[in-house]
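Notes follow once the structure below has been shown.
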Amino acid sequence: MVELIEMILLPIVVLFLAAGVFFMLAGAIGLLRLPDFYTRLHATGKCDTLGEVLIIFGLLIYHVYYYSPGAELSVQLVPVKLLFLICFIFFANPTATHAIMKAAYNTGVKPWKKGDRRM
Amino acid sequence: MIEPEAMLTIFMATALLIVVTIILALYRATLGPEVYNRVAAVNVIGTKTIVLLVLIGYIFERPLFFDISLLYALLNFIGTLAFAKYLERGEVWSS
Amino acid sequence: MGEKSSAKSGKGFGIFVTFCVMFLFWLLLSGILDPIHVGAGIICSLIIAFVSHDLLVTQKWDKMLRKSGRFIIYVVWELWQILLANFDVAYRVLHPKMPIDPSVIEFDTSLRSDLAIVTLANSITLTPGTITINIDQEKGRFQVHAIAQKPADALLVDKTMQEKVAKVFMEE
């Protein structure tokens, strides 16, 4: 029974970690490749949010399976912290992206149009 | 079939790949053409650091790191907001 | 949550609810049940409840409960959209020619309340190809940066997201 759970759960955890790393790598490549500030924020604002949430969620599954029975209370409560971290990232990352974007737009950074030179 | 002992290696590999993305973002933070590119890159590095801290907590089996990562998430968010506001208006508090 | 609790949703009730939420949060984060730690938690929660009770409890409770029920359904739909958005961005970034055609668009909504506008703005940022730039709360006007023409049309023509958010935060 235990081996069956391990056989199913651990690949799921690894899948979550791999998907998160893939999206974070895509975001970092976008940060380098895209032509201007606004489009770069498209890459980081979306890909990083989901990538981080996927990695933390994978670790949460791992934690619930490995540490729950018989540990101290403060160790058992770690999934709550991770859940709060997920909620906070979903709320804070788009807001920070929006704040930087608004500051740039209101101080007159011109958006890149198709055919312009890279900035 | 993945052995439970192999998870430590997998966490290490994930942490290393995140460090690679941080190095890629560091290029933008140092050479980015304007100040806004730099602020965005620093924000990205900060959010990646949150995940890195959680992973370190599992690699070294110290639950203390989760509290640090929560704190870091709050500080990074507020720091980015304050920086954006400062760049927009030239002051953080508008009186 | 009937009429009784909504009738006395005054200052004292707001302080009490904030205190309970903050103290529960303290217990969940610390997980240590000594008298010293719990006492420190009670003192900190009381201070926070007195200083900032008007931030958490802004309207009647039964209304907030009904809204949060609809909000959870909305979040499930939103998660699916976020997944689509990520594949979209990853495709655009990793494609050798980078099929992007950015533009800045504007549109009006009928939303006025703070929470509804924040939800719509964050949803726009997380869904495929669009990021909120500016919001004029009095007119309900959004300025949005779109990475290509197709996601811009989704906001300008289809308006599914605006309708869903308006349905969640319906004032009755």
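The values are calculated or read from the model by the stated rules, or taken from the named source; none is laboratory data. Just so we're clear, the structure is a prediction, and the values are computed from it rather than from any experiment. For neighbour counting, all protein chains shown are included, and Cβ atoms are generated from backbone atoms with ideal geometry for every residue, glycine included. To get the accessible areas, we keep the full protein, side chains included, count just its heavy atoms, and leave off ligands, DNA and RNA. Shrake-Rupley method; radii C 1.70, N 1.55, O 1.52, S 1.80 Å.
Annotations
- Normalised by the number of residues in the stretch A:1-100, the average gap of Cα pairs under 8 Å and 6 or more apart makes the relative contact order 30 percent.
- Largest first, the residues C:HIS37, A:HIS98, C:HIS145 sort by 1.4 Å accessible area into C:HIS37, A:HIS98, C:HIS145.
- Chain A: angle of helix A:2-33 to the longest principal axis, Cα-based, in degrees nearest 10: 10
- The stretch B:25-95 and the stretch A:77-95 have Cα centres separated by 15 Å.
- Measuring against 26 Å, Cα to Cα, the residue pairs A:LYS110/C:LYS164; A:LYS113/B:LYS48; A:LYS46/C:LYS164; A:LYS81/C:LYS63; A:LYS113/C:LYS139 contain A:LYS110/C:LYS164; A:LYS113/B:LYS48; A:LYS81/C:LYS63; A:LYS113/C:LYS139 as the ones spanning a longer distance.
- Value of D in µm² per second that Stokes-Einstein yields for the stretch C:18-108, Kirkwood Rh from Cα pairs, at 25 °C (0.890 mPa s): 137
- Computed on protein heavy atoms with a 1.4 Å probe, the accessible areas place A:ARG40, B:ARG62, C:ARG141 in the order B:ARG62, C:ARG141, A:ARG40, largest first.
- Cα-centre dipole for chain C with unit charges at Cβ (Lys and Arg positive, Asp and Glu negative), debye to 20: 300
- Chymotrypsin sites (Phe, Trp or Tyr not before Pro) restricted to DSSP loop in the stretch B:1-74 with at most 12 other C-beta within 10 Å: B:PHE60
- To the nearest ten degrees, helix C:61-94 and the longest principal axis of the Cα atoms of chain C are 40 degrees apart.
- The calculated 222 nm mean residue ellipticity attributable to helices in chain A amounts to -26000 deg cm²/dmol, summing -39500 (n - 2.57) over DSSP H runs of n ≥ 4 and dividing by all residues.
- Computed from Cα positions, the angle between helix A:49-67 and the longest principal axis of chain A comes to roughly 10 degrees.
- Cα Rg over Rh - chain A, Kirkwood: 1.15
- Computed on the Cα trace of the protein assembly as shown, the radius of gyration divided by the Kirkwood hydrodynamic radius gives Rg/Rh = 0.98.
- Three-way shape call for the stretch C:66-172 based on the alpha-carbon gyration tensor, with the a/c threshold at 1.5: oblate
- Residue among A:PHE22, A:ILE86, A:LEU60 farthest towards the positive dipole end of chain A, charges placed on Cβ: A:PHE22
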